[in-house]
Amino acid sequence: MHVKARQNNAATKNRRVRKAQAFSAQGDRYRAKRSINASEHAMEQTGDFDHDAFRKAVQEGLAKGEFRLFYQPKINARTLEATGAECLLRWRRAAKMGLTTLEFIQRAEASGCIDELTEWVINEVTSTLSTCERQRDGFKLAINVSSSLLGNENFLDMITDDARAHADRIVIEITETAIFASAKYAISNLEALSEMGFHLSLDDFGTGYSSLLQLQRLPLDELKIDRDFITDLVSSHKGPLLVRTAIDLAHALECTMVAEGIEDAETMALLTVMGCDEMQGYFIAKPMPGDQ
Ligand code: C2E
Ligand code: MG
Ligand code: MG
């Protein structure tokens with residue numbers, strides 16, 4: 001988990017540095033400096049904080065209904081129809097503290113309350129699916145599950161009967177690091193979830209260390225290539241061939257390939273030509289509250 005946290009921090013920092021450089025190129029040096037400082041400040045806080053106080057704040061937040069799910073659509077690259085949405089946790093209290101979602105999730109993992117948050121997410125998604133008008137056309141909701149939970153021998157206890165009843169409408173997104181950092185229970189948990197009918201997606205694909213053999217043995221339905229491969233795709237020298245190879249690999253594994261982080265029409269067009277199956281990103285739609 002600490003390795004993942006460091007990788008995520010590094011990736012987040014790289015993105016922010018790039019964003020800051022872009023600001024700088026536009027001549028707005030003050031904004032660039034402020035962007036880096038804010039992100040570094042938040043990251044420093046992630047490593048050193050009062051675990052008990054944070055856990056209590058989360059529990060209080062859950063009791064007071066402070067958490068919300070935002071939904072970001074995924075579309076079919078050929079038909080442009082929505083195939084589903086990824087559910088992303090939001091907590092206003094964390095935002096006020098200057099923490100991003102990833103940062104407060106990392107704190108929840110470190111302070112031992114990620115299970116309570118994930119339970120809340122599962123219940124929320126299950127109740128949304130029970131009332132969702134689009135239930136019949138294969139529209140799926142995706143949830144993110146942290147490595148510490150996936151690798152826990154009791155993780156399946158969290159999967160309620162209600163959630164199982166909607167298994168074919170739920171995608172569980174996990175990261176490569178999540179699977180192999182705690183392989184003992186993670187793999188058997190994934191196999192059990194797949195047998196129950198849940199769809200399994202490998203998130204941030206391309207940033208982990210899994211071998212082809214390991215990938216072939218996992219009961220995956222979807223690979224979600226990491227945003228870092230997509231951000232500079234159109235201007236990159238090696239990027240398009242790498243992504244094209246990843247798409248072929250996904251198809252060889254009989255998985256759907258999803259690209260996330262699409263921010264412009266050129267990237268979307270290139271990915272479509274390359275045979276990417278589904279797309280997600282700000283160009284298509286930003287994460288939004290459920291009532292939208
Ligand atoms: P992720 O699962 O890889 O989710 C994608 C992240 O990329 C989301 O950030 C989304 O808002 C952002 N994104 C989507 N399209 C674009 C784009 O075109 N450009 C850019 N720059 N960003 C885009 P968000 O919502 O801040 O979530 C960050 C991470 O926090 C997620 O990464 C996931 O790892 C974690 N997370 C979010 N909700 C949950 C949750 O309920 N449970 C757990 N365990 N983790 C969660
Ligand atoms: Mg995800
Ligand atoms: Mg991702």
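The values are calculated or read from the model by the stated rules, or taken from the named source; none is laboratory data. Predicted model only: the values in this text are computed from it and were never measured. Heads up, the Cβs are rebuilt from the backbone with ideal geometry, glycines too, and the neighbour counts pull from every protein chain shown. When the accessible area is computed, the model is the full protein with side chains, heavy atoms only, and any ligands, DNA or RNA have been set aside. Shrake-Rupley method; radii C 1.70, N 1.55, O 1.52, S 1.80 Å.
Mind listing the phi-derived Karplus ³J(HN,Hα) values for the range 229-246, rounded to whole Hz, using 6.51, -1.76 and 1.60 with θ = phi - 60°, and x for any glycine or proline?
With the stated coefficients, the range 229-246 comes to 7, 8, 3, 10, 3, 5, 9, 7, 6, 8, x, x, 5, 4, 5, 4, 5, 5 Hz.
What list of ³J(HN,Hα) values in whole Hz, one per residue of the range 284-290 in order, does the Karplus curve 6.51 cos²θ - 1.76 cosθ + 1.60 (θ = phi - 60°) give from phi, with Gly and Pro shown as x?
So the Karplus estimates, Gly and Pro as x, are 8, 5, 7, x, 9, x, x Hz.
Determine the relative contact order of the range 108-200: mean sequence separation of Cα pairs under 8 Å and six or more apart, normalised by residue count, in whole percent.
Numbers: 107 pairs, mean separation 29.2, N = 93.
Averaging sequence separation for qualifying contacts and normalising by length gives 31 percent for the range 108-200.
Solvent-accessible area per residue for the range 59-168 at a 1.4 Å probe radius, Å²?
Numbers: 5280 Å² over 110 residues.
Result: 48 Å² per residue.
Take the Cα pairs of the range 107-180, get the Kirkwood Rh, then feed it into Stokes-Einstein at 25 °C and 0.890 mPa s and tell me D in µm²/s. Intermediate results must be reported in sequence, preceding the final value.
Numbers: Rh = 13.1 Å.
Using the Kirkwood radius from Cα pairs, D works out to 188 µm²/s.
Based on the Cβ-Cβ distance of residue 153 and residue 248, what FRET efficiency does E = 1/(1 + (r/R0)^6) give at R0 = 35 Å, to the nearest 0.05?
E(calc), rounded to 0.05, equals 0.45.
Quick one: check the C-alpha center-to-center distance for the range 138-175 versus the range 216-292, whole angstrom.
The two parts, judged by their Cα centres, are 22 Å apart.
Quote the relative contact order of the range 175-226 in percent (integer), defining contacts as alpha-carbon pairs under 8 Å separated by 6+ residues.
Working: 58 pairs, mean separation 22.6, N = 52.
About 44 percent, as a whole number.
How much accessible surface area, in Å² rounded to 10, belongs to the heavy atoms of residue 51 with a 1.4 Å probe?
Approximately 70 Å² of residue 51 is accessible to the 1.4 Å probe.
With viscosity set to 0.692 mPa s and temperature to 37 °C, compute the Stokes-Einstein D of the range 221-288, Rh being the Kirkwood radius across alpha carbon pairs; µm²/s, no decimals.
Values: Rh = 11.8 Å.
D = 278 µm²/s.
Once neighbouring chains are kept in place and the probe is 1.4 Å, which whole percent of the accessible area of the range 140-259 is contributed by carbon and sulfur? Present the calculation step by step, with values, prior to reporting the outcome.
Details: 2700 of 5450 Å².
The C+S portion of the solvent-accessible surface of the range 140-259 is 49 percent.
With every protein chain present, what accessible area does residue 83 have (1.4 Å probe, heavy atoms only), rounded to the nearest 10 Å²?
30 Å²
Taking a 1.4 Å probe, which of 232, 48, 277 shows the most accessible area, and what order do the others take after it? Numbers along the way, then the final one.
Values: 232 70, 48 125, 277 25 Å².
Listed by decreasing accessible area, they come as 48, 232, 277.
From largest accessible area down, sort 114, 284; use a 1.4 Å probe on the protein chains. Numbers along the way, then the final one.
Numbers: 114 15, 284 50 Å².
The residues order as 284, 114, largest area first.
Under a 5 Å amide H to amide H cut-off, with H placed in plane at 1.01 Å, what residues pair with residue 256 once short-range neighbours are removed?
222, 223
Given the convex hull of the Cα atoms of the range 124-232, what is a quarter of its surface area in nm²?
Values: hull surface 30.1 nm².
Across all orientations, the range 124-232 yields a mean hull projection of 7.5 nm².
Residue separation times 0.36 nm, minus the C-alpha to C-alpha distance between residue 51 and residue 213: what's the value? Please list the in-between numbers first.
Details: separation 162, 0.36 × 162 = 58.32 nm, distance 3.84 nm.
The residue 51-residue 213 span can extend by a further 54.5 nm.
So what does log10 I(q)/I(0) come out to for the range 161-292 at q = 0.10, 0.11, 0.16, 0.21 Å⁻¹, using the Debye formula with one equal point on every Cα and no solvent?
Scattering profile of the range 161-292, log10 relative to I(0): -0.35, -0.42, -0.85, -1.25.
Over all directions, average the projected area of the Cα convex hull of the range 39-178 and note it in nm². Working shown, then result.
On the way: hull surface 39.4 nm².
Value for the range 39-178: 9.9 nm².
Sticking with the crude label model, points 7 Å out along Cα→Cβ, report the distance from residue 97 to residue 195 in nm, one decimal please.
3.9 nm
Determine one quarter of the surface area of the Cα convex hull of the range 173-232, which equals its mean projected area, and express it in nm² to one decimal.
Values: hull surface 15.9 nm².
Averaged projected hull area, Cα only: 4.0 nm².
Can you give the relative contact order of the range 199-265 as a percent, counting alpha carbon pairs under 8 Å and 6+ residues apart?
Values: 80 pairs, mean separation 25.1, N = 67.
In percent, rounded to a whole number, it is 37.
Evaluate E = 1/(1 + (r/R0)^6) for residue 63 and residue 132, where r is the Cβ-Cβ distance and R0 equals 30 Å; express this FRET efficiency to the nearest 0.05.
Numbers: r = 26 Å, r/R0 = 0.87.
Efficiency computed from Cβ-Cβ geometry: 0.70.
Non-local amide H neighbours of residue 86 (under 5 Å, H modeled in plane, Pro and chain starts lacking H): which ones?
Those qualifying (amide H under 5 Å, at least 5 residues apart or on another chain) are 72, 74, 142.
GluC sites (Glu not before Pro) within the range 98-187: which are DSSP loop residues with at most 14 other Cβ atoms inside 10 Å? All intermediate terms of the calculation are to be shown ahead of the outcome.
Values: sites: 103, 109, 116, 119, 124, 133, 153, 173, 176; in loops: 153.
Sparse-neighbourhood loop GluC sites (Glu not before Pro): 153.
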